[in-house]
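First the structure, in the form of structure tokens, and then the observations on it.
The values are calculated or read from the model by the stated rules, or taken from the named source; none is laboratory data. Note that the coordinates shown come from a computational prediction; the quantities given were computed from them, not determined experimentally. Note that each Cβ is placed from the backbone with ideal geometry, even for glycine, and that neighbours are counted across all protein chains shown. Side chains are part of the model used for accessible areas, which takes the heavy atoms of the whole protein and leaves out ligands, DNA and RNA. Shrake-Rupley method; radii C 1.70, N 1.55, O 1.52, S 1.80 Å.
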Amino acid sequence: MKQPVRAEAKGPDIVSRGRRGLLLFGTAGLAGCALGSDADHDGEHAPAAAPLSRPLRTAWVLGSGGPRGFVHVGVIKALEELQLQPDLIVGASVGALVGALCAAGQKAIDIERMALELQPWTLLRWQPIGDERFAGSAVADFVNEQLQNRRLQSLPVALACAAQRMSDGQVVGFTRGDTGLAVQASAAIEGQFAPVRIRGERYADADARMPLPVRLARVLGARRVLAVDASAHEDRAPPGARRYRESDLRKRAITQPDAALSDVLLHPDFGYWVSFSRDFRERAIESGYRATMARATSLKAMHAAA
């Protein structure tokens, strides 16, 4: 569904669930304190949703999923091995974080090492004021440090960070400005992590509207799309997961319209329950790798198409 305004697209609503209250690669502790986290970022380098002038034949869309986002690392590892490259990466929440590292040109082996060694609490800052317990400014700092403060428009591969504009629920794709701040906004889980105020508007995780932003990639001009769905396989949920069933089905309902618009869809299965153990991380990464390699022929054809 295309929109005649900037780089935006709409989707239905969904109830956020507790298991998503684990940011990016997860939360296990606390590092630092954030005061005044609702400050408005309106300077020259504040993130902005702007059209992309580069040719955009092929896009990789990396969906939200909290700790399930480790699967994206395995997908990128396989795509690199297949010597495939996108013209655009569109990421939501954890997908925006992994996507930023990939768009900046970091090798898959380095991203994997980082994913396995990262201490999640280093991405947290407690905020004593406000409705949310944590601020995500450490995420912005981490990303900018890794990218040596390169702006979105300066990355080797075009990157769009999907975030929900809270005033109207619109999903916006930040394509210019401060990369770390754009990732922070994309990963600001509503009710858990403070939204990010940019140019007078508050932005949060797009998971409640468009967890797999294929429509956003299409709006930006992508002709072919690989979509990586990091959500749970609700049809394989164990008996003890019944209380999560409604949320799973709601997320499936809002993911499906975007999944149907992709050219190649990957939805790796690495079990229903999540953790941040080394075993879980390795299992998720391996699942993403194997699911991608299993579609190698289709992926090569998609990337080679004129």
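Identify, from the list R281, R250, R215, R242, the residue that is open to solvent by less than 30 Å² (accessible area, probe 1.4 Å) and either at positive phi or out of contact with any strand residue (DSSP E or B) (no Cβ under 6 Å at 6 or more places or on another chain) (or both).
R281
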task: Taking the options R223, R236, name whichever one is closer than 30 Å to A50 by Cβ and over 19 Å from the mean Cα position of the chain (by Cα).
output: R223
The listed residue being within 26 Å of Y289 (Cβ to Cβ), among the hydrophobic types (A, V, I, L, M, F, W, C) and assigned to a loop (DSSP other than H, G, I, E, B), out of L216, L226, L212: L212
field: Candidates D258, D207, D178, D263, filtered to the one that is open to solvent by 10 Å² or more (accessible area, probe 1.4 Å), of a type in the set (D, E) and in contact with a Gly (Cβ under 9 Å, 6 or more places away or on another chain)
entry: D178
task: Answer yes or no as to whether G221 is on the phi > 0 side of the Ramachandran plot, outside any strand (DSSP E or B) and either acidic (D, E) or at pLDDT below 95 (or both).
output: no
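Taking the stretch 260-280 only, how many residues are assigned to a loop (DSSP other than H, G, I, E, B) and not aromatic (F, W, Y)?
Result for the stretch 260-280: 11.
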message: Based on this model, can you work out whether A182 counts as within 22 Å of P51 (Cα to Cα) and hydrophobic (A, V, I, L, M, F, W, C)?
response: yes
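Here is a yes/no grid of residues against (1) buried (at least 24 other Cβ atoms within 10 Å of the Cβ); (2) at pLDDT 95 or above:
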{"site": "E132", "(1), (2)": "no, no"}
{"site": "L147", "(1), (2)": "no, yes"}
{"site": "R150", "(1), (2)": "no, yes"}
{"site": "S154", "(1), (2)": "no, yes"}
{"site": "V157", "(1), (2)": "no, yes"}
{"site": "F174", "(1), (2)": "yes, yes"}
- prompt: In the stretch 271-306, which residue that is aromatic (F, W, Y) and modelled with pLDDT of 95 or more is nearest to F70 (Cα to Cα)?
  reply: F280
task: Inspect all residues belonging to the stretch 285-297 and state whether any of them is assigned to a helix (DSSP H, G or I), within 19 Å of R57 (Cβ to Cβ) and open to solvent by 70 Å² or more (accessible area, probe 1.4 Å).
output: yes
query: Considering only residues of the stretch 268-278 that are without any contact (Cβ under 8 Å) to a residue 40 or more places away in the chain and out of contact with any His (no Cβ under 7 Å at 6 or more places or on another chain), which is surrounded by the most Cβ atoms within 10 Å (Cβ to Cβ)?
result: G271
- prompt: For residues in the stretch 181-193 being more than 23 Å from L88 (Cβ to Cβ) and either modelled with pLDDT of 95 or more or in contact with a Gly (Cβ under 6 Å, 6 or more places away or on another chain) (or both), which is least open to solvent (accessible area, probe 1.4 Å)?
  reply: F193
